[in-house]
Amino acid sequence: MPRVLVNMPSQFGGRPSGVALVAFRVIAGLLDRGAFAVVLRSPWTREQLPPAIRDRIEVVTVPRPRIMLLDVVRQAVAVPRLCRALDIDLVLNADPYGAAFGGRARVSVVHDLYFRTMPGRRRSREALTTDPIFRFVLANSARVITVSESTRTDLCRSYPFVRDRTHTVPSAAMLDPEAADPAPEPPAGPFVLAVGNALYNKNFSTLARAVSALGRPEIGIVHVGEDPGETIAAALDGAPVRLMRLSRISDGQLASLYRTALCLCVPSFSEGFCLPILEAQALGCPVICSDRSATPEIAGAGALTFDPDDAGALAACLARLLDTPDLRAALIARGHGNVRQYDWAETARRYEALMLDVLREAARGKPAQEVPHAHPAP
């Protein structure tokens, strides 16, 4: 049985980021399919891993690097040595902050290109260090997986040398649809739900300005995530809007919020995929989202969309949802139809097919070639 090293040094151990959660689901799916034995190299210890994979894989725990660029150079030596010691056939980099060498070939996953797609970020220090990492690792990857067609387009525009090796394999909803725990402090009255840490790309200030502009004091905002800079409160600027912020809540509590929210709002400037959209649709929560990057692609017909630079356009969407009796039911129905197109078992199948294809090419001693696109995102 081929052995794959899932390489994920960039993530914090015990803190389930989107990258880590996707990697764990893919690992579980690969194990269920039975074609690969899996070794995980990451800052996670065995005890911190989800029960679905904890006792089914080999674990190599490494410290999270302080300087990513230096660590990628170090991995170019350390990972091949580890692969020889553990008899690894293929390295699967969970993101591009991984190994350019090791095993018989590499496959790398790209979740987003915020350092290139976000306004004003292209000349930042992060961009200047991330760009050479992407070039080095992706140039030495036999295949590149992107999580959405939008991200694939961004990647191929920025790094055209990977175009013929890049394939879209979407993720799927994470929350158990049956999960249900009472919210820590059930909000009083209707509320718009925002999910995610208040980073610049999330654009939560536009949500705050839109709810304020509605002039309907019964509508509040519930934010699930961290907001150390008080972005939402600052944008409300004293407006009489109820704001509740929750963090580190259980999946069941988040599911309860989805079920009771007026809607999920995703006002992001840029998203590589956006799992909360699918979580909301699976749980019968209407979605209002930005018309940029991956959000309209992932939401499909199950969302109202708006220009994220225009708080008035978002306010108009919220007003439509409040004032059009049949719209909420229609969005919920279309959302249920859309989310059924995304399935973790299918995601694992596509990963497996690409990885086996790469190993066949390596066995023939041929470089990576263009193969039929492995199903675009729905």
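Observations
- Filtering the stretch 202-228 to residues that are surrounded by fewer than 23 Cβ atoms within 10 Å (Cβ to Cβ), assigned to a helix (DSSP H, G or I) and in contact (Cβ under 8 Å) with a residue 60 or more places away in the chain leaves ARG209, ALA213, LEU214.
- Filter pass, VAL195 being under 22 Å from the mean Cα position of the chain (by Cα), surrounded by 20 or more Cβ atoms within 10 Å (Cβ to Cβ) and over 25 Å from PRO240 (Cα atoms): no
- Filter pass, GLN48 being in contact (Cβ under 8 Å) with a residue 24 or more places away in the chain and in contact with a Gly (Cβ under 6 Å, 6 or more places away or on another chain): yes
- Residue, nearest to ALA100 (Cα to Cα), within the stretch 123-138, restricted to residues that are modelled with pLDDT under 90 and charged (D, E, K, R): GLU126
- Applying the condition of being under 14 Å from the mean Cα position of the chain (by Cα) and of a type outside the set (Gly, Ala, Ser) to the stretch 242-274 and asking which residue is surrounded by the fewest Cβ atoms within 10 Å (Cβ to Cβ) yields PHE273.
One line per residue, one yes/no per condition, for (1) within 21 Å of the chain's Cα centre (by Cα); (2) more than 19 Å from VAL147 (Cα to Cα):
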{"residue": "PRO276", "(1), (2)": "yes, no"}
{"residue": "ALA280", "(1), (2)": "yes, no"}
{"residue": "LEU283", "(1), (2)": "yes, yes"}
{"residue": "PRO296", "(1), (2)": "yes, no"}
{"residue": "ASP310", "(1), (2)": "no, yes"}
{"residue": "LEU314", "(1), (2)": "no, yes"}
{"residue": "ARG320", "(1), (2)": "no, yes"}
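- Inter-residue pairs, beta-carbon under 9 Å, first in contact (Cβ under 8 Å) with a residue 60 or more places away in the chain and closer than 17 Å to PHE273 by Cβ and in the stretch 2-30, second part of a helix (DSSP H, G or I) and hydroxyl-bearing (Ser, Thr, Tyr), 6+ apart: VAL22/THR347; ARG25/THR347; VAL26/THR347; VAL26/TYR351; GLY29/THR347; GLY29/TYR351
- Where a residue in the stretch 275-299 is without any contact (Cβ under 8 Å) to a residue 60 or more places away in the chain and farther than 19 Å from PHE204 by Cα and its partner, wherever it lies, is in a helix (DSSP H, G or I) and of a type in the set (Phe, Trp, Tyr), with Cβ under 9 Å and at least six apart: GLY284/TYR258
- Residues of the stretch 127-166 that turn out to be under 21 Å from VAL72 (Cβ atoms), in a helix (DSSP H, G or I) and either under 21 Å from the mean Cα position of the chain (by Cα) or not hydroxyl-bearing (Ser, Thr, Tyr) (or both), as a count: 19
For every residue, the table says whether it meets (1) over 23 Å from ALA362 (Cβ atoms); (2) of a type in the set (A, V, I, L, M, F, W, C).
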{"position": "ARG104", "(1), (2)": "no, no"}
{"position": "VAL107", "(1), (2)": "no, yes"}
{"position": "ARG135", "(1), (2)": "no, no"}
{"position": "LEU138", "(1), (2)": "no, yes"}
{"position": "ALA142", "(1), (2)": "no, yes"}
{"position": "THR146", "(1), (2)": "no, no"}
{"position": "ASP164", "(1), (2)": "no, no"}
{"position": "LEU175", "(1), (2)": "yes, yes"}
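The values are calculated or read from the model by the stated rules, or taken from the named source; none is laboratory data. Everything numeric here is computed off the predicted structure, so don't read it as measured data. Neighbour counts run over all protein chains shown; Cβ positions are idealised from the backbone, glycine included.
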